[in-house]
Structures are given as C-alpha cells and as structure tokens.
1. What pairs come up if the first residue lies in the stretch 177-205 and is on the phi > 0 side of the Ramachandran plot and of a type in the set (A, V, I, L, M), the second is at pLDDT 95 or above and open to solvent by less than 30 Å² (accessible area, probe 1.4 Å), and their beta carbons are under 7 Å apart, counting only those six or more places apart or on different chains?
2. All but one of (1) in contact with a Phe, Trp or Tyr (Cβ under 6 Å, 6 or more places away or on another chain); (2) open to solvent by 10 Å² or more (accessible area, probe 1.4 Å); (3) aliphatic (A, V, I, L, M) hold for A191; state the number of the condition that does not hold.
3. Looking at the stretch 90-115, which of its residues are surrounded by fewer than 16 Cβ atoms within 10 Å (Cβ to Cβ), polar (S, T, N, Q) and free of Cβ contacts under 8 Å to residues at least 60 places away in the same chain?
4. What is the one condition in (1) surrounded by 16 or more Cβ atoms within 10 Å (Cβ to Cβ); (2) closer than 19 Å to L33 by Cα that G145 does not satisfy?
5. Select, from P197, P151, P118, the only residue that is open to solvent by less than 70 Å² (accessible area, probe 1.4 Å), in contact with a Phe, Trp or Tyr (Cβ under 9 Å, 6 or more places away or on another chain), at pLDDT 95 or above and assigned to a loop (DSSP other than H, G, I, E, B).
6. Name, by its number, the condition in (1) modelled with pLDDT of 95 or more; (2) under 21 Å from the mean Cα position of the chain (by Cα); (3) not polar (S, T, N, Q) that does not hold for A35.
Amino acid sequence: IALVAAILLPPNAGAQVVGEEVLPSGSDWEYLLYAPDNGGGVFTPADPMTADVDFYTTWQLGGAGYDGPAFQSGAAPLGYGAIDGGAIITNVWGGRGGLNEPLSGERFSAYFRTTVSPTANATGLRFTGITDDGAIIYVNGVEVGRTSNMPAGADTWNLLATGTGSETVAVTLDVTDLSLPGGTAVTVAVAMHQQSPSSSDMGMNFQILTLIPETITAIALDPELTYPT
C-alpha cells in the first residue's frame, strides 16, 4: 500500500497578508482646507468647527449626516507647496487670495476622504504613501491609526505633528482587527496635520490595500511513503 503524506502548516495566529488593491496611488480624494472669505478676497484658514459645531463627529463619513463646509475633489498628490517626492497635482488651497498656499503662521490641518469597495471579505487595510507631515486615519467614521509623529489627544484643527513627515519615503501603516464584507463600500478619511503653522508645504498620497487572514498551506511529501501490506 502506497500512502501519500502531507503536512498542513497552520497560519500564525492573527497573521494577515495582502489581499487586493482598492485604491491606487494618485487617486481622487475629497478635500477641505477651510478658509472663509473675510472680505475683499482675504481668506484666513479657520477651525471648521466655527462653521459646523458637530464637524469633528460627522466629517469622516460625509453623506446626509454632514452639513459643514463643502468638500472639493481632486487627484493625489494633494496639498500645497513643493513636495520633493513628486509635484502636487491638486492644490488644496486653490489659489485663494492669489496665493498658492496659506500665509505662514496660518497652516494647520486639512481633511480628506474617499470610498473604497473591496471585492472580497477583508480584516484590515494597508495604507502606503507620502504623509507630510502627520496623518490620523479613520475607517467608516472611527479612528483606526496615526502616523508615529502624531501625538495622542483629540483630533482638532490646531493639533500639530511632533515632527516633519518624509517627502520622499513612503510610510506604511497597517490597520488590523477590521471586518469589511466584500462588495460593501468603505469610507476612508484622513486628517493631515502640519508640524508647524509656518511649515512650507503639505502633501498626501495613499495607496490602499486590503489585508486578509493568512491561509493554511498544504505541503505534499515526495517520494511517497510505502509500507508493506
């Protein structure tokens, strides 16, 4: 009797591997850098909560529950100023007041969101890209991670990163312990924060991949194990 033996290698507990790309680098995002016109074409960045009292609990999802300042849309990289890793495609300041960026001393936060749709069930998301300076990430309205240069505390407009972000080296941030059914839209939001109100630039560009549980691997042994009858 010839017996073919196989070894089943169990996955590491909690291990996840990359599933599929759900948002390529350079994709469109909605964005907001709130700066009302104070008259005469003078625009001053301000805390969005001054225009929408529940901004910090509704902006991450948008939709019917959001009634704050209007978001615009554009392709990444988004930001302002000059980023070493590649040109800014969408200037989130938009030339207000004839300027390419807010005045020095008035540069704090900007807000970004998009929707992705995994085709298969996922248990996490991987974010890879440029974050200049710091980022706080939300999935379906819930904060799920911060870059290492973001301090703890409430995610407010004037919260500053503790250090600059790289303009050339991509940051990877894995978000695990999610439950994302295939075929269901997922809202992703990112709050970008400057390291200083006088920081010369801001840049954001993410690729998003799903994470899925590592599967069991079967290894067949060769040659066959033969036993006498």
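1. Once the first residue is on the phi > 0 side of the Ramachandran plot and of a type in the set (A, V, I, L, M) and sits in the stretch 177-205, no partner that is at pLDDT 95 or above and open to solvent by less than 30 Å² (accessible area, probe 1.4 Å) comes close enough.
2. (2)
3. Within the stretch 90-115, just N100 meets the criteria.
4. Going through the list (1) surrounded by 16 or more Cβ atoms within 10 Å (Cβ to Cβ); (2) closer than 19 Å to L33 by Cα, G145 breaks only (2).
5. P197
6. Of (1) modelled with pLDDT of 95 or more; (2) under 21 Å from the mean Cα position of the chain (by Cα); (3) not polar (S, T, N, Q), only one is false for A35: (2).
The values are calculated or read from the model by the stated rules, or taken from the named source; none is laboratory data. Small disclaimer: the values here were computed from a predicted structure and weren't measured. Glycine also receives a Cβ, built like all others from the backbone with ideal geometry; neighbour counts cover every protein chain displayed. Only protein heavy atoms, including side chains, enter the accessible area calculation; ligands, DNA and RNA are left aside. Shrake-Rupley method; radii C 1.70, N 1.55, O 1.52, S 1.80 Å.
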